[in-house]
Each structure stands twice: as structure tokens, then as C-alpha cells.
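Below is one structure, written out as C-alpha cells, with a few remarks after it.
The values are calculated or read from the model by the stated rules, or taken from the named source; none is laboratory data. Fair warning: this is a prediction, and the values are worked out from it, not measured in the lab. Ideal geometry is used to build each Cβ from the backbone, glycine not excepted, and the neighbour counts take in all protein chains shown. In case anyone asks, the SASA skips ligands and DNA or RNA and just uses the protein heavy atoms, side chains included. Shrake-Rupley method; radii C 1.70, N 1.55, O 1.52, S 1.80 Å.
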Amino acid sequence: MKWKLGVVAVIAAAAATLAGQSQNAIPRDDGYVSTYRPTPSGGGPDNPTKDDALARLEDMRERMGGDLSPEFMEALMTAADAHRAQYGPAGQGSINVPVGGPWTNIGPYRSNWIQNGLRVTESDTGRVRSFLIHPGSDEIVYVLTSSGGLWKTTDFTAPRPGWRPMTDSILSTSGGGAALGKNPETIYLGTGDPFDPGVGGYAYKSINGGETWSNGIKLGASTVVTDVKVDTTGATDVILMGTNAGLFRSTNAGASYAPVLGGVTWSLQRTSAGWLAALTSGPTGLIAFSTNQGATWALIPNGGAVYSGAGRTTLAVGTPGDNIVYAFASTTGSAAQRDLFRSVDGGLNWTALGLPTKTPVNPNPDQTDMNIMAGQAFYNQMVLVDPNDASRNTVYIGGQLSAAKSTDGGATWRIITNWLAQFGLPYAHADHHAAAFTTLNGAPALLLGTDGGLFLSADGGVRFSSQKNDGISSYLIYAMTGNPQHADDVLIGLQDDGTRFRTGSGGTYNQVFGGDGFGVAWSQAADLVSLGSVYYSFIIRNVRNPSNTQSKWLVGWTGISEFFNPLLTYFNTALATPRASADPAGLTFFHRTRFKLYRTTNGAASWKSLLDTTPVLLRAGSHPIGISPADLSHFGVLGNGGNLWFTNDGGASFNNRVLTVLAAPWPGFNSTLAYANNTTMYVGNEAPIGTPMRVIKSADGGTTWTNASAGLPAVPVTKLLVSTRDPNTMYAGTWIGVYETTNGGASWHLYGQGLPVVNVSDLYMPTDGSYLRVSTYGRGVWEVRF
């Protein structure tokens, strides 16, 4: 399915999310309602499906009541610090050894093939932010991922390199930017991906190739890091870190940082004119330069005002210090592609290369012109200059569905990749963000970084291989489920990596549906039905399990009147599955839209609305629905304003409770509802403030509520799961790990050893309680066996 995107004002507003304004007042969970209205064209179980990066940004703002604040990031960091002080890095034990056994990562590490309408025999992983190429060794390469941290290999020339995660022990896996120092064993890292939530706005340093790291240094009021560069021309490294709260500079090799420039600093490059910084001030793109290693800045002369009408811009040079510079720019407000600009004086003055009027020499239906960024110019930007071309006329650009190459300084262009390997072009995943040149067996090699990982070409972009993605477990998972009948089965929904099914007991997960994958579900009583989804209540069903191929999916949204209507349903398609004890037939599932709770009793062949909460919005997010393990008469759904609706008679009638009143000072932002039995209920919140009140409990069927947060960190709770082994044992997935209570919420402790400090997105335990699995937003799927 393809989307016709044309909401310029909302794209500009989403880009402005990165301005990092402080939230002086306590946010409200109904403080932001998206006005973004994409219009679908086509669509169905067999059609190619794209992701929607803008909708993802808007979804987070709806959940969090607006922009995430610097104060919230500091609260997250404080909680993560306390977590590490008590339990040690990654829960390995310090003062206290966590209860529970070791967590084991079970992938995804690779795929055999990808299906998105078409089928391609390729592998991929999560979104790439940047590459670090070791200057002294072809074998050492680092890949910074958006929510999986920094990965390193020391055998890059091998067909499938051995990758290691290097930042699991620090307090964030959210990758912003990274760069090597003069000594290539020194790495400077900034946390906070610009497009997804995580602990951000902190600077780290390693002096031993990422084996150990210094404590994080807060970069002012920033919440994300957009770029990191190092000036190695002097005796001491001078580090520049671009953020959404300006540019920060260190003159003492990363011991401290000071602000030197305002705006959102998107891209940094050292040229013959000094340092260039491409920034946005509000919606307007600007380029500043510095002749003193970033100490002071001025706007470029920009003769003839050629560089104008721009927004977010990415800069590129072949080698630091070059006089030839390229700037790939979006329009003001970052809504659309503006142009590619070229400078021959180090970036002080520019010539527009006229992309809007050009046609590639090999156009195709996905790329009829040179509008490479397409409808996501605020998000997918990549430009790279080939350092092996002395004329600096060989340049690559990438955007939404394609990458392109010019060998004549931008006069003519050839499309070199396609997001589905169509039209005789090699495969590279959609949404390009990074690129670099490295050396492979003594010859130049090109690396592209996309929403689906890294792609390597050893012949200048004629052919690409996805094989070197294998081993990097950095997938961005929204939701996960399993099959009690077959313990190896795992079904997950992922950001722009579709819906994936695990093959066997290893780390291979093949993509069985494309686009942004959200809620997933599987019959727990019998291996009858599995469900997947995309955005806006696009639900698919499979009655021929396992869900191991796209051809098995059927339409699963019949009866949902809000289907594909962003006014009435959410980007994140939430699904909920009853336990086998409640649904022995295995055909009942639940779904919510903006105002309605739906149920199916025939395996999603059709749905029926049970509740309409208009004008109060139900909660966005993946887990607002809870179901009693005892029967199908008791279930509920969470709403904004602290609202909870629940039924004791199978949906014939509903009770409404306002938890902000009954459990004051409950902040709202209800995120997850769990039942231990018909009368014992728990609610968690994801409030973007440092509140210690994260879980509340009712032992009398929802009449009264008490705080049940003792021992929990003051961070968002994404999912509560009552153990199938013991109704007094429950697990909480949080933004920094998994916690357990064994006494019905009276106290909590960190559970398990070895899980990174990462956003836990879902929890699953089978009927027999033989294992606990968690999915994460950036570090794959983990399990503990009992």
C-alpha cells in the first residue's frame, strides 16, 4: 500500500519536535492530538507496504502528550544510574544480584528472505545512524544503530562478520552520533536518536575501542544527538556534538562540553573553510562556519543567496578539509526535498544542482524523477562523496525508496538501488540515513545505512549485499507473541521491518509482511489463528499456522469501520489475546481504535464494537487492553485522562473509573492493564515525568486503587504481565529493563541478569510457564527459561 503524503504543516511541526523545549508544567496525556491525515491508496494482504516515519513521530507525541522534555531525560538517566548502582551494568550484579536466571538473546540476528508483496532473498536489521571506519584496519568497523547502540566487528572482510554490541553496559542503547578520535581506539558517542524515544542528550567516551565507557555527560537541555565529529588537527581532540538544543564543544578530549551555537545542528563537516554546521532555526535551514575549531560561528556569505528555502540539510565531503562540499537539503519546514547544492570554496558559497528538474538515466515507477527524499525529507537524507575520485564528482544520495549515483558532479544521475529489488536494481532497504567508504580486501567498498541495516557494494554501486547484517540484533520491536504448542515460534511486529516469524530455534526471523508491523496475536488454547497488523487497524489473519509466509495472510479487519481512517483509529494497531484458561476455543481477540473497543469471536473473520468512549480517547500504544485469565466476562481498556473502562458481563455493560481521582496523585498516561483474576487488576503508566508512582492495584474489582510501585524505577512502564505460574508474580517491562514482584505488587526488584538498559516493548509467557520472553525496541528478543 502506498501513502499520498501532503500534510506540510504537520511535517514541519514534527520536525519542530526536536527543538527540545522544556516542559515547565506537568504534561497531560490528552495534551496532544495529531492532525496528521495520510490518505491511503490501494492496500491489501498482498500489496507492498511502506513505513510512515512521520506517523511514528506523531504517535509518540500523542502517547506522551507532546514533546519529551530534557527534565524527563534527566529523570530517566537518574533512574538508570540508580538501577546500575544497585544491580551493576546490564544487571550483572554489584550491590545486589538480581533475582532470576540469565537473559539469553534469541535474535533476530538474520533473515533468509523478506516478503513485502514481493519476495527477496536478503537479510536486514534495525535502523543505522552512522558508520565508523578504523583508519588502520580493514577489519574493524563500527555501526551505530538507532536504538540498539554501537556494534563492532574485528573481521569485517569475512562473509558474515562477528558483531558485538559495545554499549549494552551504558545507560542507553539509543544511538545519536559517534566518531573516532585521533587515536582510533578513542570513540566519542552521543546518545538520543532523533526519531525514536530513548535516554538521550548525553556524551560518552571510550579509550579502548568501546570495551569500557566513561560516565555520561549531560549536554545542556538536549534530548537527542544529531551528529558527532572530531577535529583531530591539534594535539588534543576537539569534539563537536550537534543536538536539538544547539551545538556543544569539548576542548579537553571529552571531559566537559560547552554550548557554542543554537538551533538544531543536523550535520557537521570540516572543509577548507573550517568547520561547517547545517542547522535549523525553527523551520529554516541555515549553514554556519567556524575558522577556530568551532569556538565561534558565523553564517556563511552565501553569495546570491543560492542556499535558501531550505530546512534540514546533510553535508558531505570526500575527505575532511576538502574545498568541494555537497549539501542535500529539504525545503523550509523539512516537508519535501529542496535540492542538492555544491560548493567549491569549502561551503561558503553554493551552486544549486537542479534536482527538481532532473530525470535519472534509468527512471522506474518507484523513482520517475530525482525526488529521492520523497515525502519523508525530514527523516531520510543521505549524501556521500567518493574520496577515491580526486575530482570529487562522484557522489551518492539516498532517500525514501532509492539511492542514486552521479559521476559528473550532479549533472546526471543513475538509480542504483530499489527498496524491493525491482526493475533490475539491487536491494537496499527503504529510508537511507548513512553512508561511508571502507576498504574490502584492499579495494574501495561502499556502505549504505538504512532503516533495514547496512548494504555493501564492492563495485561502485552496481551490486549490493545485505549479508553483513547477519549477527546484528538491533531490530525495533513494537509487539511480540508466541505459540504454546510450539515453543520456538515467535511472531513480532517491527518498525519498518514488517511482521516477522522465527524459523526454528535459532536467530533467523523471516519477514512475512511489510511496512510498520504492530500488534500480533496467537491463539493460546490451540494452534488455530495468528494475527498480524500494520498501521491504522490494518489487521491480517492466518488460519493455517505457522505464519511463515505472506501467502497465508487473509483480510482480518472486516467489521472495523475505522479501518484506514486516522481520524478514528491510531497508527499503532493494538491487539490483545486471552489466555487459554479464558478462551479454550482460541478464537477471541481484542482491538481498540481511538474511541472504540472491538472483539472478535471467530478468529478475526469479523469484529464487533463493544464500547464507544466518545469524546474521550482510548490510549494509544500497544497494550491498553487487559483480559482476566479466568473467563471472557472480565476485560477492560484504558483511556486518556486516567480513564479505565471494564466489564464484568462480557461487554453487555461497562464501568468507568477515573484513576487520577481514585488513585491520586496518579498522573494518567495509562499504558497497560493486567488482570490476576476477576477481581485483582493492575494498571501501569508511561508518564513522561519522573514520578515514582508507576503501578496501581485494585483488589476489589476496580472500586478502590492503591499504589503498588515500591521498588520500581521512576520510568515508563510499557507492559504488565501476570505470571501463568503464580497469580501473585508479575513482570513489568519498563524503559530500562524488566522488574518482578512476587507478592502482588507490594515490592519489586530487577529480574534476570544480562539484559541491556533498553526499552522493553512486550512480555510473553506460555500457558505452562516454562519461559519468559521479552521484546525490546532496539535489542531484539530475550528469554529466561524456568
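Okay, residues lined up against (1) at pLDDT 95 or above; (2) touching an Asp or Glu at 6+ places or on another chain (Cβ under 8 Å); (3) assigned to a loop (DSSP other than H, G, I, E, B); (4) closer than 23 Å to Ala714 by Cα:
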position	(1), (2), (3), (4)
Glu185	yes, no, yes, no
Leu189	yes, no, no, no
Ala203	yes, no, no, yes
Thr212	yes, no, yes, no
Asn215	no, no, yes, yes
Asp227	yes, no, no, no
Requested in this report: Report, ordered by the first and then the second residue, all pairs with beta carbons closer than 7 Å, sequence separation of six or more or different chains, a first member in segment 287-310 that is part of a loop (DSSP other than H, G, I, E, B) and at pLDDT 95 or above, and a second member that is open to solvent by less than 50 Å² (accessible area, probe 1.4 Å) and of a type in the set (Lys, Arg).
Outcome: Gly294/Arg249
Query raised in the report: Can you name every residue in segment 520-551 that is among the hydroxyl-bearing types (Ser, Thr, Tyr) and surrounded by fewer than 24 Cβ atoms within 10 Å (Cβ to Cβ)?
Result: Thr549, Ser551
Query raised in the report: From the list Gly621, Gly636, which residue is open to solvent by less than 10 Å² (accessible area, probe 1.4 Å), in a loop (DSSP other than H, G, I, E, B) and in contact with a strand residue (DSSP E or B) (Cβ under 8 Å, 6 or more places away or on another chain)?
Result: Gly621
Query raised in the report: Is at least one residue of segment 274-284 under 29 Å from Asn183 (Cα atoms), touching a residue at least 60 places away in the same chain (Cβ under 8 Å) and out of contact with any Asp or Glu (no Cβ under 9 Å at 6 or more places or on another chain)?
Result: yes
**Report entry** Yes/no for Arg63 being in contact with a Gly (Cβ under 8 Å, 6 or more places away or on another chain), under 26 Å from Val774 (Cβ atoms), at pLDDT 90 or above and part of a helix (DSSP H, G or I)
**Finding:** yes
Report task. Working carefully through the options Ser130, Ser147, find the one that is in a strand (DSSP E or B), of a type in the set (Gly, Ala, Ser) and under 18 Å from the mean Cα position of the chain (by Cα). Result -> Ser130
**Report entry** Number of the exception - Gly498 against (1) open to solvent by 10 Å² or more (accessible area, probe 1.4 Å); (2) in contact with a strand residue (DSSP E or B) (Cβ under 8 Å, 6 or more places away or on another chain); (3) at positive phi
**Finding:** (1)
Requested in this report: Specify the residue that is farthest from Tyr379 (Cα to Cα); the eligible residues are those in segment 317-335 that are outside any loop (DSSP other than H, G, I, E, B) and open to solvent by 20 Å² or more (accessible area, probe 1.4 Å).
Outcome: Asp322
Query - Residue check, Ala403 open to solvent by 30 Å² or more (accessible area, probe 1.4 Å), under 24 Å from Asp389 (Cβ atoms) and out of contact with any Gly (no Cβ under 7 Å at 6 or more places or on another chain) - result: no
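Going by the conditions given, is Ser123 assigned to a loop (DSSP other than H, G, I, E, B) and either open to solvent by less than 10 Å² (accessible area, probe 1.4 Å) or among the aromatic types (Phe, Trp, Tyr) (or both)?
Working: assigned to a loop (DSSP other than H, G, I, E, B): yes; either open to solvent by less than 10 Å² (accessible area, probe 1.4 Å) or among the aromatic types (Phe, Trp, Tyr) (or both): yes.
Yes.
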Query raised in the report: Looking at segment 474-484, is at least one residue modelled with pLDDT of 95 or more, in a loop (DSSP other than H, G, I, E, B), over 15 Å from Ile114 (Cβ atoms) and not aromatic (Phe, Trp, Tyr)?
Result: yes
Query raised in the report: Within segment 150-163, how many residues are open to solvent by 10 Å² or more (accessible area, probe 1.4 Å) and not in a loop (DSSP other than H, G, I, E, B)?
Result: 2
Query - Asp386 in contact with a Ser or Thr (Cβ under 7 Å, 6 or more places away or on another chain), of a type in the set (D, E, K, R) and open to solvent by less than 10 Å² (accessible area, probe 1.4 Å) - result: no
**Report entry** Whichever residue in segment 766-786 is surrounded by 24 or more Cβ atoms within 10 Å (Cβ to Cβ) and among the aliphatic types (A, V, I, L, M) and, among such residues, is nearest to the chain's Cα centre (by Cα)
**Finding:** Val781
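When segment 658-680 is examined, which residues are found to be closer than 22 Å to Thr593 by Cα and surrounded by 22 or more Cβ atoms within 10 Å (Cβ to Cβ)?
Within segment 658-680, Leu659, Gly668, Phe669, Asn670, Ser671, Thr672, Leu673, Ala674, Tyr675 meet the criteria.
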Query raised in the report: Among (1) open to solvent by 10 Å² or more (accessible area, probe 1.4 Å); (2) out of contact with any Phe, Trp or Tyr (no Cβ under 9 Å at 6 or more places or on another chain); (3) in contact (Cβ under 8 Å) with a residue 60 or more places away in the chain; (4) not charged (D, E, K, R), which single condition is Ser561 missing?
Result: (3)
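Which one is farthest from Trp151 (Cα to Cα), of the residues in segment 714-750 that are among the hydroxyl-bearing types (Ser, Thr, Tyr) and within 24 Å of the chain's Cα centre (by Cα)? Before you say what the answer is, go through the steps one by one.
To start, the set of residues in segment 714-750 that are among the hydroxyl-bearing types (Ser, Thr, Tyr) comprises 718, 723-724, 729, 731, 734, 739, 741-742, 747.
Those still in the list that are within 24 Å of the chain's Cα centre (by Cα) too: 718, 731, 734, 739.
On the way: Thr718: 26, Tyr731: 29, Thr734: 23, Tyr739: 26 Å.
The qualifying residue farthest from Trp151 (Cα to Cα) is Tyr731.
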Query raised in the report: Has segment 566-573 got at least one residue that is within 16 Å of Ala521 (Cβ to Cβ), surrounded by fewer than 24 Cβ atoms within 10 Å (Cβ to Cβ), out of contact with any Gly (no Cβ under 7 Å at 6 or more places or on another chain) and among the aliphatic types (A, V, I, L, M)?
Result: no
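Would you pick out the residues in segment 287-297 that are open to solvent by 50 Å² or more (accessible area, probe 1.4 Å) and not hydroxyl-bearing (Ser, Thr, Tyr)? Lay out the reasoning, then the answer.
So the first thing to find is which residues in segment 287-297 are open to solvent by 50 Å² or more (accessible area, probe 1.4 Å), and the list is 291-293, 296.
Within segment 287-297, Asn292, Gln293 meet the criteria.
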